[in-house]
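Structure first, then comments.
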Amino acid sequence: MSPRAYLKSNLPILGILLAAALLIVFVLEVAGVNRYITALAGIIALAGAVAALSIDYLRKRSFYSDLAEVLADDVRPQWLAEFIERPDFAEGELTYDAIRAIAKGASDDTAAAGRQLVEYREYIETWVHEAKSPLAAAHLMLENLGETAGDVLGYEKLDAVGDELRRVEGYIDQALFYARSEALDRDYLIRAYRLGDLVNAAIRANAPALIAARVAPVVEGLDLEVFTDEKWIEFILGQIIQNSVKYAHADRPTISFTGRLVDEGLATEAVELSVADNGCGVSEADLPRVFEKGFTGDNGRTGKRSTGIGLYLVKRLCDKMGVQLEASSRLGEGFTIRLRFSTNKFQYFE
């Protein structure tokens with residue numbers, strides 16, 4: 001708190017003290033007291049007022065300066081009381097106690113919200129695992145029914161039911177990974193993997209969808225090593241594959257996985273994986289928003305069952321894992337997503 005700000009806030013008191021000093025001088029003058037004594041009395045009164053205000057300012061300056069500095073640094077409310085000391089003047093003590101009460105309330109609310117979030121995430125994870133059991137049983141029943149189906153139409157109907165079950169499984173997996181993404185650090189294990197092994201695992205996991213859409217996967221240059229978490233990156237690749245399948249062209253659709261080493265020898269050296277399809281692509285207006293939550297664009301409003309969650313999760317998980325992500329596309333010519341893994345493994349442990 002500056003002296004100017006202090007004087008401005010205490011103008012009424014300053015006016016009263018000045019008026020009192022002038023009144024003392026006036027009374028002494030009317031009483032016929034020697035002018036030198038009258039002047040001395042006035043000076044003493046003014047000096048006392050200045051001294052009182054100065055002492056009061058010095059007592060309050062430290063507290064209010066610290067408070068202003070903390071507010072300027074945008075410190076969280078629950079931490080405010082930890083950055084300032086309790087003052088020794090009445091209004092300061094009241095202000096400090098109020099701040100401490102607010103901080104405690106904010107801290108309690110944050111802790112309660114954290115507990116609720118953990119409980120909700122654990123519930124979602126439990127629900128997901130429980131929901132997968134009947135789905136697995138349904139798949140087994142479909143396989144058994146397929147053996148007894150007597151005509152082609154019966155097989156087609158069973159395949160359609162199987163496709164819908166796999167779609168439900170995909171949504172359940174999205175819910176599970178969405179819940180776990182809030183606490184990625186507790187379920188995240190960085191190791192060195194061959195890029196081709198990760199891509200092949202994702203292709204195998206999504207083979208039914210690729211086969212149903214007649215999308216042919218093409219791999220090239222994947223004999224490279226990357227540092228990542230196997231489970232999370234396979235889920236990310238699975239979401240990208242599902243997105244490509246959803247918007248695949250009917251005429252010879254393909255999805256290609258291409259790896260290459262970029263910025264070799266530099267501090268920014270990385271392994272880049274490009275996943276490109278020859279589907280319907282994305283318009284220039286929609287491209288900057290493809291990773292936004294719930295965004296489906298023009299393609300999602302033309303009969304496709306799109307939720308706008310898949311690519312949002314891809315972006316969310318890549319940001320948490322330190323994997324750079326970018327997308328490019330031309331409408332009607334396909335869609336490409338590039339994942340860039342740093343070759344400096346130590347950056348994942350910072």
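The values are calculated or read from the model by the stated rules, or taken from the named source; none is laboratory data. Since we're looking at a predicted model, the values are computed, not measured. Here the Cβ positions follow ideal geometry from the backbone for every residue, glycine too, while neighbour counts run over all protein chains shown. SASA here: full protein model, heavy atoms, side chains in, ligands and nucleic acids out. Shrake-Rupley method; radii C 1.70, N 1.55, O 1.52, S 1.80 Å.
Which of the residues belonging to the range 81-123 are under 30 Å from Ile172 (Cα atoms) and either open to solvent by 90 Å² or more (accessible area, probe 1.4 Å) or not hydrophobic (A, V, I, L, M, F, W, C) (or both)?
Thr110, Gly114, Arg115, Gln116, Glu119, Tyr120, Arg121, Glu122, Tyr123, listed by residue number.
Find all pairs meeting these conditions: Cβ atoms under 6 angstrom apart; at least six residues apart or on different chains; first residue within the range 267-281 and under 15 Å from Phe257 (Cβ atoms) and free of Cβ contacts under 8 Å to residues at least 12 places away in the same chain; second residue open to solvent by 10 Å² or more (accessible area, probe 1.4 Å) and not aromatic (Phe, Trp, Tyr).
Close Cβ pairs (under 6 Å, with a partner that is open to solvent by 10 Å² or more (accessible area, probe 1.4 Å) and not aromatic (Phe, Trp, Tyr)) do not exist here.
Confirm whether Tyr155 is modelled with pLDDT under 75 and surrounded by 14 or more Cβ atoms within 10 Å (Cβ to Cβ).
Numbers: modelled with pLDDT under 75: yes; surrounded by 14 or more Cβ atoms within 10 Å (Cβ to Cβ): no.
So Tyr155 fails the test.
Would you mind telling me which numbered condition in (1) free of Cβ contacts under 8 Å to residues at least 60 places away in the same chain; (2) among the hydroxyl-bearing types (Ser, Thr, Tyr); (3) within 15 Å of Leu198 (Cα to Cα) Thr228 fails?
It is condition (1) that Thr228 fails.
Pull up the range 308-327, narrow it to residues that are aliphatic (A, V, I, L, M) and in a helix (DSSP H, G or I), then point me to the one that is farthest from Ile241 (Cα to Cα).
Going through the qualifying residues, I end up with Met321.
Given the options Pro208, Pro217, name the one that is more than 28 Å from the chain's Cα centre (by Cα) and closer than 16 Å to Ile337 by Cβ.
Pro217
Residue by residue, here is whether (1) in a helix (DSSP H, G or I); (2) in contact with a Pro (Cβ under 8 Å, 6 or more places away or on another chain); (3) open to solvent by 50 Å² or more (accessible area, probe 1.4 Å) holds:
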{"residue": "Ile172", "(1), (2), (3)": "yes, no, no"}
{"residue": "Ala202", "(1), (2), (3)": "yes, no, no"}
{"residue": "Val226", "(1), (2), (3)": "no, no, no"}
{"residue": "Ile236", "(1), (2), (3)": "yes, no, no"}
{"residue": "Asp251", "(1), (2), (3)": "no, no, yes"}
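I'm checking my understanding of the structure. Among residues of the range 328-350 that are in a loop (DSSP other than H, G, I, E, B) and on the phi < 0 side of the Ramachandran plot, which one is modelled with the lowest pLDDT? Break it down into steps so the answer makes sense when it comes.
Taking the range 328-350 as the starting set, the residues that turn out to be in a loop (DSSP other than H, G, I, E, B) are 331-333, 343-344, 350.
Checking which are on the phi < 0 side of the Ramachandran plot leaves us with 331, 333, 343-344, 350.
On the way: Leu331: 87, Glu333: 86, Thr343: 86, Asn344: 76, Glu350: 46.
The extreme case among them is Glu350.
Among what's in the range 8-51 and is within 30 Å of Leu71 (Cα to Cα) and in contact (Cβ under 8 Å) with a residue 12 or more places away in the chain, pick the residue that is least open to solvent (accessible area, probe 1.4 Å).
Asn10
Checking Ile172 against (1) more than 30 Å from Leu67 (Cβ to Cβ); (2) over 28 Å from the mean Cα position of the chain (by Cα); (3) modelled with pLDDT of 75 or more; (4) not aromatic (Phe, Trp, Tyr): exactly one of these is not met. Which one?
Only one criterion in (1) more than 30 Å from Leu67 (Cβ to Cβ); (2) over 28 Å from the mean Cα position of the chain (by Cα); (3) modelled with pLDDT of 75 or more; (4) not aromatic (Phe, Trp, Tyr) is unmet by Ile172, namely (2).
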